[in-house]
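Inspection log for the structure reproduced underneath, given as structure tokens.
What follows draws every value from the coordinates through simple rules; no lab data is involved. It should be emphasised that the depicted structure is a prediction, and the values quoted were computed from it without experimental measurement. Glycine also receives a Cβ, built like all others from the backbone with ideal geometry; neighbour counts cover every protein chain displayed.
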Amino acid sequence: MTALAFENVAVNLAKRTIVSDITLAFEPGELVGVMGPNGSGKSTFMRAAAGLIDAASGAISIFGKPIASWRRNDRGRTVGYLPQGGQVHWPLTVRALVTLGRLPHADRFARASSQDEAAVARAMTACDVAHLADRPVSVLSGGERARALLARALAGDAKILLADEPFAQLDPNHQLHAMEVLQSTARAGALVVVVLHDLSIAARHCSRVILMAQGRIAADGAPAAILSSDNLRKTFGVDAFIGEHGGAPVILPLRRRA
Amino acid sequence: MNESSLVSGSRLAATLAIATLVAAGVSLFVGYAPLPAADVVGGLMGDEGTAGVIMREIRLPRMLLGLLAGAALGMSGAALQGLLRNPLAEPGVMGIASFASLGAVIAIYFGLSSVFPLALPAIAMLGALIAAGLLSFLSGRDNGVLTLILAGVALANLAAALMALALNLAPNPYAVSEIVFWLLGSLKDRSLHDVVLATPFVVLGLVILASAGRALDALTLGEDAAKSLGIEVASIQRRVTFGVALAVGASVAVTGAIAFVGLIVPHLCRPFVGHLPSRLLLPSAVGGALLVLVADIAVRLVPSGPELMLGVFTSLIGVPFFLWLVFKLRGEMQ
């Protein structure tokens, strides 16, 4: 069954149309990279998919049910969302932070069950922050914090995971690691939609890439077909080297076009 | 959650509760009339005579109001800080208590409270509600320290100006001094009648605030992430605003504004509960009650001629604390 569907969706922010004409369907098990220049509407698209902003027109549905008719808590359990540049307002420990991802599963009194604890431990191990579990978030480096926040989003065991630029502050090793985590989440049957800027990582790991430009879908399909030199020139205004290493693509932006 | 902070969190609540009980007991033994212990107990148990009058009409209401006002201010501070994600939020500093005072002054000034006793807490709560509503509206999505403090300063000044106007128009000097003294905040000369008037609203407010814990935890991650976790942010804003208005409004209506309790107590408790907003609510209520009781014992013991007003005393401790906190936060933000 289609996990997430957009039908002719437009979204306005402060009376300005930010994204429009979005028609897409996502299946469970896909790992979708959403790419595009700054201001092309990626985050707005993600927020709409998470049910945080209403569509001005068109319909968004999750597992066949209109997004607005989901009960808030059920939606929280089904759709995990990791906002861009995640904030943590109090110096919680990493474990307490990751446990917040279990909130939609918790009972009225927010007591953590053994199931919650297991999910939290799994997520911390997957994101390589288990050794930081008792450290306050305030003393972590930017990258460690980003991994802890990714673990928070994973801990919910959602069937749909929407991650808005989770790699921005990660070193190359942890970028690859985080991408592998998302990949195995998708392999386990979840739909994973991730906003990212690294062309090679998208080409090598995603099962599908969506290019956005000026609030619309510019291209949608298999990474090799979508991340073509023609598309990169049109969408990003860059000439890119597109090569191959060990049978997988390598893409490097070389120069800006005037 | 973090086990070590959980353990120390419940130990903290238990320790504070015991200390509060002790302080409440001590509070009954402290007063201007020297009463032997037997008379204190006897007076409470319903003895006739002077001891009975002193205990049941002076010391018991004073102690109960201390508990009530302290719990209201402590938990309100913790909840507001969680909602606004800002450790400087506090009913007094943010002008909420000033608006409650303004409401109470209006009720007293126009004589509404003498015709209809419930008008006093009702109008004070309305004042607190207006201020808390304006505050969450003004600080809105941007929860920067600056916006919040400026909004709070604006509200507190507006309330002060309107109260000055009321004083200005007051019919006689006696009314002026009555209002001024009342504004300073005190547990002195209150009756069981005041306790009965305030208790239901304070308790209701505290229950509402206590129910917001989970949502306040989620707000740690910002509004978008909280919404994605199934929390309705607008409704939690309304709930906290309303809870604070009930608790602070009702307690200010009978005690006047006791400043800084809601600032100091949550801040001191926070490290013991792993900084988790939900776990901060109860210890802050108990700690607030303890602080007010201890401060109220202190003002009775300090030989200052006329009794030091409780609100003045807490401000004297609170202002340096507030400045220290601002200084510390400024360091952290750089």
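Quick test of your reading of the structure: B:Val203 fulfils all but one of (1) crowded, with 17+ Cβ neighbours inside 10 Å; (2) under 22 Å from the mean Cα position of the chain (by Cα). Name the failing condition by number.
It fails just one condition, (1).
Quick test for you: out of A:Arg102, A:Arg122, A:Arg147, A:Arg152, pick the one residue that is over 26 Å from A:Ile201 (Cα atoms) and touching a residue at least 24 places away in the same chain (Cβ under 8 Å). Lay out the reasoning, then the answer.
Numbers: A:Arg122 fails: over 26 Å from A:Ile201 (Cα atoms); A:Arg147 fails: over 26 Å from A:Ile201 (Cα atoms); A:Arg152 fails: over 26 Å from A:Ile201 (Cα atoms).
It is A:Arg102.
Among the listed residues A:Ala158, A:Ala168, identify the single one that is within 11 Å of chain B (Cβ to nearest Cβ), outside any helix (DSSP H, G or I), aliphatic (A, V, I, L, M) and within 19 Å of the chain's Cα centre (by Cα).
Details: A:Ala168 fails: within 11 Å of chain B (Cβ to nearest Cβ).
Every option except A:Ala158 fails the conditions.
Sort out which residues of segment A:119-155 are among the β-branched types (Val, Ile, Thr), buried (at least 24 other Cβ atoms within 10 Å of the Cβ) and in a helix (DSSP H, G or I), and write them in order of number. Steps first, answer last, please.
Within segment A:119-155, the subset among the β-branched types (Val, Ile, Thr) is A:120, A:125, A:129, A:137, A:139.
After this cut, where a residue has to be buried (at least 24 other Cβ atoms within 10 Å of the Cβ) as well, the list is A:120, A:129.
A:Val120 - this is the single residue of segment A:119-155 that is among the β-branched types (Val, Ile, Thr), buried (at least 24 other Cβ atoms within 10 Å of the Cβ) and in a helix (DSSP H, G or I).
Go through segment B:208-235 and report how many residues are within 8 Å of another protein chain (Cβ to nearest Cβ), part of a helix (DSSP H, G or I) and closer than 19 Å to B:Phe137 by Cβ.
Residues that pass the stated criteria total 2.
Which of the residues that make up segment A:219-233 are surrounded by fewer than 19 Cβ atoms within 10 Å (Cβ to Cβ) and under 21 Å from the mean Cα position of the chain (by Cα)?
Selection gives A:Asp220, A:Gly221, A:Ala222, A:Ala224.
Return the residues of segment B:273-283 that are surrounded by 24 or more Cβ atoms within 10 Å (Cβ to Cβ), assigned to a helix (DSSP H, G or I) and within 14 Å of another protein chain (Cβ to nearest Cβ); say none if nothing qualifies.
B:Val273, B:Pro277, B:Arg279, B:Leu280, B:Leu281, B:Leu282
Matching residues to (1) under 18 Å from B:Arg85 (Cα atoms); (2) assigned to a helix (DSSP H, G or I); (3) in contact (Cβ under 8 Å) with a residue 40 or more places away in the chain:
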| site | (1), (2), (3) |
| --- | --- |
| B:Val252 | no, yes, yes |
| B:Gly262 | yes, yes, yes |
| B:Val265 | yes, yes, yes |
| B:Pro271 | yes, yes, no |
| B:Val286 | no, yes, yes |
| B:Ile297 | no, yes, yes |
| B:Gly311 | no, yes, yes |
| B:Thr314 | no, yes, yes |
| B:Val319 | no, yes, yes |
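Could you please find all residues in segment A:6-17 being touching a residue at least 24 places away in the same chain (Cβ under 8 Å) and surrounded by fewer than 21 Cβ atoms within 10 Å (Cβ to Cβ)?
Let us first name the residues in segment A:6-17 that are touching a residue at least 24 places away in the same chain (Cβ under 8 Å), namely A:6-13, A:17.
A:Glu7, A:Asn8, A:Ala10, A:Asn12, A:Leu13, A:Thr17 - these are the residues of segment A:6-17 that are touching a residue at least 24 places away in the same chain (Cβ under 8 Å) and surrounded by fewer than 21 Cβ atoms within 10 Å (Cβ to Cβ).
Test each condition in (1) surrounded by 18 or more Cβ atoms within 10 Å (Cβ to Cβ); (2) assigned to a helix (DSSP H, G or I); (3) touching a Ser or Thr at 6+ places or on another chain (Cβ under 9 Å) for B:Pro91 and report the one that comes out false.
So the condition that B:Pro91 fails would be (2).
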